[in-house]
Amino acid sequence: MSAGRSITDAARAAARNKTVQALAASAGAAAARHVGPAVQQRYGSWRERRRDRDRAIKLARQMAGRVSEDTIIDGEPHVVVWKDGRPVQAFPAVPDLADRPELIGFDDRLATEPPPLRQARRIPGWPG
């Protein structure tokens, strides 16, 4: 019998063992307890960044402005909406935005037009 075959047989036998199944279930539950909060925090921060970006793009479209992403203000990345070369609003919010030294002399090439609205996709045979 080859070594690979014997390892496979041993793994199958262990998988059928009730004690091994119970240990695996408790280890999985313990891992979920420790990993759960970190995953939730990561998802929450991703969702906040996405929401901020979407709001900035909608505001820029609304006022025919421009958007700069990952603009560093006070050491943190922000999405900034610009109109006529002046900052209008930052997401997340920044107090006294117009007076921020990081934005004085901002390179206008870093601000872009917001992406166009996407057309709703039509599914053939779907009502509407």
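Let me have the 222 nm mean residue ellipticity of the chain computed from DSSP H runs of 4+ only, each contributing -39500 (n - 2.57), with the sum over all residues rounded to the nearest 500.
-16500 deg cm²/dmol
How much length is gained on full extension from D107 to A93, taking 0.36 nm per residue of separation minus their Cα-Cα distance?
Residue separation times 0.36 nm, minus the Cα-Cα distance, leaves 3.0 nm.
Once Rh is set to the Kirkwood radius over Cα pairs, what Stokes-Einstein translational diffusion coefficient, in µm²/s, holds for the range 29-94 at a temperature of 20 °C and a viscosity of 1.002 mPa s?
162 µm²/s
Report, largest value first, the span of the C-alpha coordinates of the chain along each principal axis, in whole Å.
76, 49, 28
Between A120 and R5, what is the label-point separation in nm under the 7 Å Cα-to-beta-carbon projection?
With each label point 7 Å from Cα toward Cβ, the separation is 6.2 nm.
Quick one: net charge of F91's neighbours, Cβ under 11 Å, K/R +1, D/E -1?
Result for the local shell: +2.
Probe radius 1.4 Å, ligands and nucleic acids ignored: give me the carbon and sulfur share of the accessible area of the chain as a rounded percent.
56 percent
The values are calculated or read from the model by the stated rules, or taken from the named source; none is laboratory data. Source: prediction; values computed, not measured. Methodologically, a virtual Cβ is constructed for each residue, glycine included, from the backbone with ideal geometry; neighbour enumeration extends over all protein chains shown. Heavy atoms of the whole protein, side chains included, go into the accessibility calculation; ligands, DNA and RNA do not. Shrake-Rupley method; radii C 1.70, N 1.55, O 1.52, S 1.80 Å.
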